[in-house]
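The values are calculated or read from the model by the stated rules, or taken from the named source; none is laboratory data. These figures come from a predicted structure and were not determined experimentally. Please note: Cβ atoms are built from the backbone with ideal geometry, for glycine as well, and neighbour counts cover all protein chains shown.
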Amino acid sequence: MNRILRRALQKRRAARALGLIAGVLSASTAFAAETPKQIQTSFEITPFYGQMGGGKFEDPQDSSDRDIASDSDWGVFLNLNAESAERQYELLYAQQSTEIEGAEPLDMDIKYLHIGGIVNFTDVKHVIPYFGMTVGATQFSPDVSGLDNETKISFSAGTGVKIPITDHIGIRFDARAFVTLLDTDGDLFCVSSNGEGACRIRASSDTLLQYHATLGIIAAF
């Protein structure tokens, strides 16, 4: 019962977060349309908050699906201009605290640490659309004593808009897909007791797909 109530509260928070993202994005776009600006600096830090969904594993006992519960995520973008503001290097950290659903739910943190770049379309008058790609690692951290973390190679592709408010402050909306490479039918989070091994979940395919939508505040220097 407590777990059901917790999931209901998490879904309410997620709905409020998405509503807030939509509201702030709409208001920011209207403000930017009235007072067009351009971010004129070479370094940006953007803490963000949003919603992450998607992804599933498999139960090693009966091969049933074990979905990753949709939940909020948070993190930060760090961007540094390359030759110009149109192209930037990007460092991305994102974290989701969620659970693997099933008969015996498994609480887990999923963390992404990536490096890559984005292309900003700075010729647009009131907003700055962009597209980017990153590569790095995904860490799965189960909240169960005796289970070790698992780290896998992953990639992301994202798009979004930056909305300058001043030359040093802005709003960033980011929509992104994360792809993590897994061993096909590889068991995860296995423990051994009295000479017998047991695994909590299994990879259902050779890739794990998650996606997020986030809202961030840009501080440019």
Discussion item. Whether any residue in the stretch 81-89 is more than 15 Å from residue 172 (Cα to Cα), surrounded by fewer than 20 Cβ atoms within 10 Å (Cβ to Cβ), of a type in the set (Phe, Trp, Tyr) and at pLDDT 95 or above is what I want to check.
Written reply: yes
Item to complete: Go through (1) surrounded by fewer than 22 Cβ atoms within 10 Å (Cβ to Cβ); (2) touching a Phe, Trp or Tyr at 6+ places or on another chain (Cβ under 8 Å) one by one and return the number of the condition residue 97 breaks.
Response: (2)
Practice prompt. Among the residues of the stretch 119-158, write down those that are over 14 Å from the mean Cα position of the chain (by Cα), assigned to a strand (DSSP E or B) and not small (Gly, Ala, Ser).
Written response: 119, 120, 128, 129, 130, 131, 142, 150, 151, 152, 153
Item to complete: Mind listing whichever residues of the stretch 52-108 are of a type in the set (Lys, Arg) and over 28 Å from residue 219 (Cβ atoms)?
Response: 56, 66
Practice prompt. Could you grab me the full set of residues in the stretch 64-90 that are over 15 Å from residue 119 (Cβ atoms), more than 13 Å from the chain's Cα centre (by Cα) and free of Cβ contacts under 8 Å to residues at least 60 places away in the same chain?
Written response: 64, 67, 78
Discussion item. Please go through (1) under 25 Å from residue 217 (Cα atoms); (2) at pLDDT 95 or above; (3) surrounded by 14 or more Cβ atoms within 10 Å (Cβ to Cβ) for residue 128 and return the number of the only condition it doesn't satisfy.
Written reply: (2)
Worksheet entry | Residues located in the stretch 95-138, provided they are of a type in the set (Phe, Trp, Tyr) and closer than 23 Å to residue 51 by Cβ | 112, 130, 131
Discussion item. Looking at the structure I just gave you, is residue 178 surrounded by 22 or more Cβ atoms within 10 Å (Cβ to Cβ) and within 16 Å of the chain's Cα centre (by Cα)?
Written reply: yes
